[in-house]
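Let me begin by presenting the structure, written as structure tokens, before commenting on it.
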Ligand code: AOS
Ligand code: ZN
Ligand code: ZN
């Protein structure tokens, strides 16, 4: 029997990277609603991310997106972040918002366009050198809408060549994480549609290349925890983009749509050695807050991950192994469900207080006046970009 007291040290290892774009305005193709208090600058996004960390102790790094977060002096931005109490994390490249990329970027039939897209990623590595970031995350909007439109085989070869060029410029401590997505914005074929394609490319590149798993990027009903188990087994799970979805790539608050799925995923992360010191797996959020307040939306998100991590750590793995060996299907399932149904909220509140954090970070944020302050101070927030 594992109790909450047994897991407190392991819980302290939880760190979740928050995305800069979660603090900006975003929306669907129908409307982007402006939110009072939206950051006007990269610094204000970082200040908001640091606020999430201050109230939760869970979000020590913030991911940047280039060019949405382009500044003249990334060294100065790094120091600004450190002053705020956070570090700069993953650098996300963007080859999906330029007219040249209408028919593809790293997979475009025109070598000049491919070159431009490679160069952008090399520029992102320069940014990483200044920010001290470890990971370059590549997500491609590349694909086609109609059968016959593109040579899907040649595009794989172009992609492999382009990724190799980018990979070759990584520093010793840097990594490339390649994100897959089965559809959207392309609707017939996508050039990196699934974990297998991403795996094939990163395996060919070498040990500094890993797969990024965005939980919203699978067909409905996909067993995501199986993919997690397989990638960890292969040593190629580099990072997560956490979010939740009811229909497509909804980018809703992680754990909101299906807390049980989040629990099952985290169980496999822990089982496969993807959690805690020495692990290669980066936990990140990739979300948009279209109608809710953004900072408490992010606070809720990291708390959801913390809650499911606590429940997953409580899983009685010895008893589970015994039931499995005995072939006791129902006992094994009951042990699994017991951990999932354990209410850890009071224990977590106490755990936070012991560490000088607010017992209820949502309430503490509401009472802090930060929201009112940014709404008064910031006028004319920028749209952070689509994702
Ligand atoms: C797009 O659907 C992907 O989830 C990307 O990870 C991301 O949202 C975008 O590239 C912003 O970085
Ligand atoms: Zn993503
Ligand atoms: Zn996505």
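Below is a table of values for the structure above.
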| quantity | calculated |
| --- | --- |
| Estimated translational D of the stretch 96-185 in µm²/s (Stokes, Kirkwood radius over Cα pairs; 4 °C; 1.567 mPa s) | 94 µm²/s |
| Candidates 322, 207, 179, ranked by Gaussian network fluctuation over the chain, Cα under 10 Å, top entry | 322 |
| Exposure proxy ranking, count of Cβ atoms within 10 Å, fewest first, for 103, 140 | 103, 140 |
| Top of 210, 284, 337 by mean-square fluctuation, Gaussian network on the chain, Cα under 10 Å | 337 |
| Sequence ranges 12-18, 118-124, ranked by mean other-Cβ count within 10 angstrom, highest first | 12-18, 118-124 |
| Where labels lie 7 Å past Cα in the beta-carbon direction, separation of residue 233 and residue 109 in nm | 4.0 nm |
| Global form of the stretch 147-207, assessed from the alpha-carbon gyration tensor, a/c cut-off 1.5 | prolate |
| At R0 = 30 Å, FRET efficiency that the Cβ-Cβ distance of residue 188 and residue 123 yields, to 0.05 | 0.50 |
| DSSP beta bridges in the chain [antiparallel fraction, %, rounded to 5] | 15 percent |
| Overall form of the stretch 104-250 per C-alpha gyration tensor (a/c, 1.5; a/b vs b/c) | oblate |
| Alpha carbon centroid spacing (whole Å) that separates the stretch 211-232 from the stretch 1-50 | 22 Å |
| Spacing of the two label points (7 Å from each Cα toward its C-beta) at residue 223 and residue 5, in nm | 3.8 nm |
| Inter-probe distance in nm under a simple model that places probes 7 Å from Cα toward Cβ, at residue 130 and residue 40 | 2.3 nm |
| Global geometry of the stretch 11-313, whether rounded, prolate or oblate, following the gyration tensor of its Cα atoms and the 1.5 cut on a/c | rounded |
| Choice from 299, 374, 91 showing the highest fluctuation, given a GNM over the chain with Cα pairs closer than 10 Å | 374 |
| Sorted peptide list for 254-263, 28-37, criterion being average Cβ within 10 angstrom, highest first | 254-263, 28-37 |
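Throughout, read-outs are computed from the coordinates displayed, never taken from laboratory work. Note that the structure is a prediction, hence the values are computed from the model and not measured. Don't worry about glycine lacking a Cβ; one is built from the backbone with ideal geometry, like all the others, and counts go over all protein chains shown.
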